[in-house]
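The values are calculated or read from the model by the stated rules, or taken from the named source; none is laboratory data. Just so it is clear, the structure is predicted and the values come from calculations on it, not from any experiment. Cβ: placed from backbone, ideal geometry, glycine included. Neighbour counts: every protein chain shown.
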Amino acid sequence: MGCSVGICREHKVRETRTGLTCEYCNTYCGNDSGSYLDCLAINHDREVWGWPRRARTRPSKQQRDRLISDLTRTTNFRESEIKHLYKLFQKDCPNGLLKEQQFVRFYVDFFRTGCREKKATLAKRIFRAFDHDATGTVDFREYVCGMSALLRGSKVEKLKWAFRMYDLDGNGEVTKRELLNVLMLMNELRNPGAPEEETRQMEVQQEELITGIFNSLDIDHDGKLQLKEFVEGVRRKPELFKIL
C-alpha cells in the first residue's frame, strides 16, 4: 500500500526516527506511508502518483485550529482576524477551494466601470498570483497568505506578490512584454471611457515609461527579470514602488 519513503520525500514528507510527518500541516503519520499519502490527497488536495485524489471534506476542528494557529504565526493577521476570514471563506467556498471562475465573476461584478473582458483578464492574473501551486484553485492558506502580503505585507512581500502576477506563464521570469501586458491593462481600467485618441496617446506614453523601467531593472540586459533582480531593483529606486 502506498509508495516508498523515497517517493514520499518528493511530496513534502519529513522523515524522523519516529516516523513520517506531512510538511504541509505537520500531521504525524507514523511509519505508514499510506496515512501520509491520505493526508496529501484529502487534506491538501495534492495529486500523488499512484494514489487517487480524494474528494475534499470539511476539515476537523483540530485541523482547522492547527491551520489558524500556523497562519497566525506566519502571516500579518491576528488570530481573531483569521478566524473571521475563515468563516467568510467557508461560507463562499464550502468545499474549501476558491475556483478561478468564482473569483473572476466576483471581481468583474464588484468593479462596475471598465470593459468586462479586460476586467476578467486582470482578475485571472490576480487569481494566479494567489494560486501558489498552480492547481487552478485557491485554498484558505493561499488566500490568507496572499491577502496578508497585499494588505499588510512589507515592500518586499508586496513586490514578490506583484512579480507572480506579472509572470504570466509562471516560469519564474518576467519579460518586458509580460510587464507591459499587465500594467497597461491596469492603466486602461483606471481610465474607463476615455476618448480613443486620448487612450492611444496614453498607451504610447505608458509603453515608453514601462520600457524605461524594465531596462533600468534588467541589470544583466538579458531581456527578462528574475525575482531577486526585480525586488532589489525596485528597492534601489523607491519611486518605482507606486508604479509597480
_Just to verify a result, which residue in region 73-98, among those that are under 18 Å from residue 59 (Cβ atoms) and of a type in the set (A, V, I, L, M, F, W, C), is surrounded by the fewest Cβ atoms within 10 Å (Cβ to Cβ)?_
88
_Hey, residue 126 over 17 Å from the mean Cα position of the chain (by Cα) and at pLDDT 90 or above or not_ = no
*Pick from region 56-85, criterion among the basic types (Lys, Arg) and in a loop (DSSP other than H, G, I, E, B), ranking: modelled with the lowest pLDDT*: 56
*asked:* If I ask for residues that are assigned to a helix (DSSP H, G or I), touching a residue at least 24 places away in the same chain (Cβ under 8 Å) and over 18 Å from residue 86 (Cβ atoms), which ones from region 118-144 would you list?
replied: 118, 119, 121, 122, 124, 125, 126, 127, 128, 129
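Take residue 147 and tell me if it is touching a residue at least 40 places away in the same chain (Cβ under 8 Å) and either surrounded by fewer than 18 Cβ atoms within 10 Å (Cβ to Cβ) or in a helix (DSSP H, G or I) (or both).
Taking the combined requirement at face value, the residue satisfies it.
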_Whichever residue in region 150-160 is touching a Lys or Arg at 6+ places or on another chain (Cβ under 9 Å) and under 22 Å from residue 79 (Cβ atoms) and, among such residues, is surrounded by the most Cβ atoms within 10 Å (Cβ to Cβ)_ = 153
*One residue from 236, 177 being within 16 Å of residue 125 (Cβ to Cβ) and free of Cβ contacts under 8 Å to residues at least 12 places away in the same chain*: 177
*Hey, can you tell me all the residues within region 86-117 that are closer than 20 Å to residue 164 by Cβ, among the charged types (D, E, K, R) and assigned to a helix (DSSP H, G or I)?*
100
_Given the condition closer than 25 Å to residue 131 by Cβ, modelled with pLDDT under 95 and in contact with a Phe, Trp or Tyr (Cβ under 7 Å, 6 or more places away or on another chain), answer yes or no: does some residue in region 183-204 qualify?_
no
*Filtered residue count, region 104-132, keeping only those that are among the acidic types (Asp, Glu) and either surrounded by fewer than 17 Cβ atoms within 10 Å (Cβ to Cβ) or on the phi > 0 side of the Ramachandran plot (or both)*: 2
*Considering 62, 101, which residue is surrounded by fewer than 16 Cβ atoms within 10 Å (Cβ to Cβ), of a type outside the set (A, V, I, L, M) and over 18 Å from the mean Cα position of the chain (by Cα)?*
62
